[in-house]
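Visitor: Below is the structure I would like to discuss, written out as structure tokens.
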Amino acid sequence: MQQQRLAESFNAAIEGFVYVFKSQRNMRLHFLMGLFAFLLGIILNFNYIELMVLCLTIAFVLFAEMFNTAIEHTVNLVVSMEYHPLARIVKDIGAGAVLLSAMTAAVVGYILFVSRVGIRIEDNIMKIRESSWHITFIIFILILVIVVLSKLFLNKGTPSRGGMPSGHSAIAFSIWTVISLLYPNSLVIFLVFILAILVARSRVSAQIHSLVEVFIGALVGVLITVFMFQLLRI
């Protein structure tokens, strides 16, 4: 009797995994990427500790995807056809957990595979400091993170619309600052500045942001860009 219950539990677990694999496109994508990473780790002759870390990271991503699917189905079952703002929040939290696990897996995979193929992380850092493209990309990511966190802490607007500060203004004036630092004494600087002003003005005209939010966004974009260029170009 106990063995039968154990077999039923095992079969239920397999059916749950198969259901998520069949119904969720992201689950299939994560599984295939994890399988590819595991096989690549074997080809690159990972030691048992590296393989263990890799397997745990892959399992962490798959678990997050399965957990997110379970949350979505539970919310749909409880809420039924009626809209409820808490249902959206719960689903967003589950999706955020999947995103966090995927980002963590990307970092762990980068460290494992880069070190295995003989590329030192210190060398990559030097290449980033010598490349304006890499620095600009890092600046944009940092600005987006700061803007989103500011809106979350101030509890105003959404990550992509409204709130303090204006993300569009921050990115627009960051682009202007990057061009000003890389190509001084150029007519392009003036033209891009006009475009940045137009972007900021459009956010105010559309009543998405106030004048203060746009100004703070522009200030964030300029200061973060100048700071990162000074930091990474030393």
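Visitor: Residue 214 - would you say it is assigned to a helix (DSSP H, G or I), in contact with an Asp or Glu (Cβ under 9 Å, 6 or more places away or on another chain) and more than 26 Å from residue 134 (Cβ to Cβ)?
Guide: No.
Matching residues to (1) of a type outside the set (A, V, I, L, M); (2) touching a helix residue (DSSP H, G or I) at 6+ places or on another chain (Cβ under 8 Å); (3) free of Cβ contacts under 8 Å to residues at least 60 places away in the same chain; (4) assigned by TED's automatic domain parsing to the domain that holds residue 88:
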| site | (1), (2), (3), (4) |
| --- | --- |
| 154 | no, no, yes, no |
| 165 | yes, yes, yes, no |
| 168 | yes, yes, yes, no |
| 171 | no, yes, yes, no |
| 178 | no, yes, yes, no |
| 182 | no, yes, yes, no |
| 185 | yes, no, yes, no |
| 190 | yes, no, yes, no |
| 193 | yes, yes, yes, no |
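Visitor: Can I ask one more? Which one of 150, 202 is farther than 15 Å from residue 221 by Cβ and not charged (D, E, K, R)?
Guide: So the residue among 150, 202 that is farther than 15 Å from residue 221 by Cβ and not charged (D, E, K, R) is 202.
Visitor: Report yes if residue 21 is part of a helix (DSSP H, G or I), at pLDDT 90 or above and under 25 Å from the mean Cα position of the chain (by Cα), otherwise no.
Guide: Spelling it out, it is not the case that residue 21 is part of a helix (DSSP H, G or I), at pLDDT 90 or above and under 25 Å from the mean Cα position of the chain (by Cα).
Visitor: Shifting gears a bit: Residues 70, 37: which one is of a type in the set (A, V, I, L, M, F, W, C), closer than 17 Å to residue 116 by Cα and within 24 Å of the chain's Cα centre (by Cα)?
Guide: Only one candidate passes the filter, namely 37.
Residues checked against (1) modelled with pLDDT under 80; (2) not in a helix (DSSP H, G or I); (3) not acidic (Asp, Glu):
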| site | (1), (2), (3) |
| --- | --- |
| 113 | no, no, yes |
| 118 | yes, yes, yes |
| 139 | no, no, yes |
| 164 | no, yes, yes |
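Visitor: Kindly establish whether residue 91 is more than 16 Å from the chain's Cα centre (by Cα), modelled with pLDDT of 70 or more and not in a helix (DSSP H, G or I).
Guide: Spelling it out, it is not the case that residue 91 is more than 16 Å from the chain's Cα centre (by Cα), modelled with pLDDT of 70 or more and not in a helix (DSSP H, G or I).
Visitor: I need the full set of residues from region 223-234 which are in a helix (DSSP H, G or I), hydrophobic (A, V, I, L, M, F, W, C) and surrounded by fewer than 17 Cβ atoms within 10 Å (Cβ to Cβ), in order please.
Guide: 223, 226, 227, 231
Visitor: I'm trying to understand the selection: among the residues of region 194-214, which are surrounded by 17 or more Cβ atoms within 10 Å (Cβ to Cβ) and closer than 22 Å to residue 139 by Cα?
Guide: 196, 199, 200, 203, 213, 214
The values are calculated or read from the model by the stated rules, or taken from the named source; none is laboratory data. Model, not experiment: these values are computed from the prediction. Cβ coordinates were reconstructed from backbone atoms using ideal geometry, including for glycine residues, and neighbour counts include every protein chain displayed.
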